[in-house]
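The values are calculated or read from the model by the stated rules, or taken from the named source; none is laboratory data. Predicted model, so just to flag it, every value in this text is computed and none were measured. No Cβ is skipped: glycine too gets one built from the backbone with ideal geometry, and neighbour counts run over all protein chains shown. When the accessible area is computed, the model is the full protein with side chains, heavy atoms only, and any ligands, DNA or RNA have been set aside. Shrake-Rupley method; radii C 1.70, N 1.55, O 1.52, S 1.80 Å.
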Amino acid sequence: MSEHYVPENLPSTIQHYIDGQFVDSLDGETFDVLDPVTNKPYAQGAAGKKADVDQAVQAATRAFTEGPWPRMKPRERATVLNRIADAVVAQEDRLAEMETFDTGLPITQARGQARRAAENFRFFADLIVAQHDNAFKVPGSQLNYVNRKPKGVAGLITPWNTPFMLESWKLAPALASGCTVVLKPAEFTPLSASLWAEIFEDAGLPQGVFNMVNGIGEEAGDALVKHPDVPLISFTGESNTGKLIFRNCAEHLKGMSMELGGKSPAVVFDDADLDAAIDSTLFGVFSLNGERCTAGSRILVQRSVYDEFLEKYAARAKNVVVGDPHDPKTQVGALVHPEHYEKVMSYVELGKEEGRLLAGGGRPEGLEEGNYVAPTVFADVKPDARIFQEEIFGPVVAITPFETEEEALELANNTRYGLAAYIWTNDLKRAHTFAQAVDSGMVWLNSHNVRDLRSPFGGVKASGLGHEGGYRSIDFYTDQQAVHITLGDVHTPKFGA
Ligand code: NAD
């Protein structure tokens, strides 16, 4: 293995950012941040607790009630958001190398994520300038209009799989809407989030609008969820964490948006373009190291093309380049953290009992340390197998044959999840009939996950609650107050007259 690349000038401490200042935790506690290639700590992250969250929420509340941000014209806010996007693009190299170092994601894919983060800001800048709201007239008697208002301090809790991009996915619409925010980044990967503060400051975001508290989910995240002055929580993470947060939000009747786990099916019918399906279903589960919520991690293949599919798919999977995340040739890098690596490896071992191993099955040759898992393919996986039912979140795929369309639909819907589905067929009628019957928030026909930012994003069943994307995100971060105006004389029944 070539020498491991370490970006220059990495911070040795990763602090909170509260009311325009980088600060340590009030109690001075920290946690180790590891590099997934060596698994050695390279920095100490500030371990935020309730007291730190209180300070961040106070700053965000002040910025919301007294500061200019919620009161600015959409065009003025959009100008700041566009400057943020420009800064993200200008820092793409630095950002991508930091993200790759911290997460183990391949550098070429980290670059793509950085560009997408910039796009999120540009998109919501455009959207708020074009935003229009309803007005209704009842001729001669009433006029009604919607007064849209930012909800207040938004609590944003994000996972480690594509940290910077997923943070932008929440920060951009929250800020565009005029909310102020407290971000709690994932504790495995806090590095790139520390870049936001400077980007926002340089772009002219007023002090106190953006606050960030690092730390462990059960401490910093929990305090944010339970804070009475945070009226809404946008959460992306595991379904079980989502359930817990849901319960904790109920106490304060908070607004919630939940983007949770997945076990998405990719269904390949025998009339599909098989080579295109193989390209996409490989990319769909092995890109981003398989640490992808929308991964097509269950491939269902029609029996008549099953053997051909397996042969071609396994040959390609064996050829996927696994290696140092900073090497531009790398297609699968190192999994984020040793704990996650152990979890994925335990599923690889389980898969050897539950399916027929066609490729991978453990650590790739020549990569003796670091969280590397060879792209692993199991065939003949039964629907009651745990590797068919449970989210592995690594480069591991379960392939299952089917005979008929009905059977394919039954298999596709046979999990607790319902995030994405991918359907491969050239039969137009079947494509749409199947797409509409499948239990998933999103469906791609003859494609992997390529998404227009205007379209809804989210899952059904255990994959989430509520849809964001486009104006739906603005709806989440704003209230739509209805104002009713009487025209002419008010007609009131005269009680007691
Ligand atoms: P996780 O649920 O362990 O953690 C997510 C975030 O929640 C982290 O910041 C964590 O610190 C915080 N957290 C943990 N416990 C908490 C608590 N009790 N209260 C408040 N906050 C708490 O998830 P993860 O392992 O970081 O991420 C992987 C998961 O995220 C996978 O299940 C994946 O499918 C899902 N995901 C979903 C989407 C989507 O859009 N649907 C996108 C990316 C990832």
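For a Förster distance of 60 Å, can you work out the FRET efficiency between the beta-carbons of residue 430 and residue 79, rounded to the nearest 0.05?
That pair, residue 430 with residue 79, gives E of 0.80.
For segment 342-366 and segment 48-98, write down the distance between their C-alpha centroids in whole Å.
Spelled out, the Cα-based centre of one part sits 42 Å from the other.
Using θ = phi - 60° and the Karplus curve 6.51 cos²θ - 1.76 cosθ + 1.60, what whole-Hz ³J(HN,Hα) does each residue of segment 394-406 get, with Gly and Pro shown as x?
Coupling constants for segment 394-406: x, x, 9, 10, 10, 10, 9, x, 9, 9, 10, 4, 4 Hz.
Please give the net charge around residue 43, taking every other residue with its beta carbon less than 11 angstrom from that of residue 43, where Lys and Arg add +1 and Asp and Glu add -1.
Net charge around residue 43: -2.
Rounded, prolate or oblate: pick one for segment 1-158, where a ≥ b ≥ c are the square roots of the eigenvalues of its C-alpha gyration tensor, a/c under 1.5 means rounded, and failing that, prolate if a/b is larger than b/c, else oblate.
Cα axes put segment 1-158 in the oblate bin.
If you average 1/r over all unlike Cα pairs in segment 384-448 and invert the result, what Kirkwood radius do you get in angstrom?
Roughly 12.7 Å, rounded to one decimal.
Which percent, nearest 5, of DSSP beta bridges in segment 265-445 are antiparallel?
In segment 265-445, DSSP labels about 15 percent of beta bridges as antiparallel.
I'd like to compare 97-110, 450-463, 376-389: which one has the highest average count of other Cβ atoms within 10 Å, and what's the full order after that?
97-110, 376-389, 450-463
Please state the relative contact order of the chain as a whole percent: Cα pairs under 8 Å, 6+ residues apart?
It rounds to 18 percent for the chain.
Hey, can you rank 80-87, 64-71 by average C-beta count inside 10 Å, highest first?
Packing order, densest peptide first, comes out as 80-87, 64-71.
Of the listed pairs 343/382; 40/352; 243/263; 312/382, which have alpha-carbon separations greater than 28 Å here?
Pairs exceeding the cut-off: 40/352.
Shape verdict for the chain, please, from the Cα gyration tensor: rounded (a/c under 1.5), prolate (a/b greater than b/c) or oblate.
Oblate, because a/c is 1.5 or more while a/b does not exceed b/c.
Ratio of alpha-carbon Rg to the 2.2 N^0.38 Å globular estimate for segment 265-445, to two decimals, please.
After normalising by residue count via 2.2 N^0.38 Å, the value is 0.98.
Order 413-421, 319-327, 138-146, 427-435 from most to least packed using the mean count of other Cβ atoms within 10 Å.
413-421, 319-327, 427-435, 138-146
Principal axes first, then extents: for the Cα atoms of segment 427-497, list largest minus smallest coordinate on each axis, whole Å, largest first.
Ordered largest first, segment 427-497 gives principal extents of 69, 27, 26 Å.
Probe of 1.4 angstrom, ligands and nucleic acids ignored: what's the accessible area per residue over segment 265-445, in square angstrom?
Result: 39 Å² per residue.
With n ≥ 4 as the cut-off for DSSP H runs, can you work out [θ] at 222 nm for the chain, using -39500 (n - 2.57) per run divided by the number of residues, rounded to the nearest 500?
-11500 deg cm²/dmol
Relative to the longest principal axis of the C-alpha atoms of the chain, give the angle of the C-alpha long axis of helix 74-90, reported between 0 and 90° and rounded to the nearest 10°.
30 degrees
May I ask you to derive the relative contact order of segment 1-127, considering only C-alpha pairs under 8 Å and at least 6 residues apart, and to give it as an integer percent?
It rounds to 22 percent for segment 1-127.
Between helix 303-319 and the chain, what is the angle of the helix's C-alpha long axis to the longest principal axis, kept within 0 to 90° and rounded to the nearest 10?
Roughly 90 degrees, rounded to the nearest 10.
Under a straight-distance cross-link criterion of Cα-Cα below 22 Å, which lysines are reachable from residue 73, leaving out those fewer than 8 residues away in the same chain?
The reachable lysines, counting only those whose Cα sits under 22 Å from residue 73, are 149, 151, 170.
Between 0 and 90 degrees, rounded to the nearest ten: what's the tilt of helix 50-65 against the longest Cα principal axis of the chain?
Rounded to the nearest ten degrees, it is 50.
Restricting to Cα pairs below 8 Å that are 6+ residues apart, what does the relative contact order work out to for segment 265-445? Please round to a whole percent.
Computed over segment 265-445, the figure is 27 percent.
Could you derive backbone 3J(HN,Hα) for segment 67-72 from the dihedral phi with the Karplus parameters 6.51, -1.76 and 1.60 (θ = phi - 60°), listing whole Hz in sequence and x where the residue is Gly or Pro?
x, x, 4, x, 9, 6
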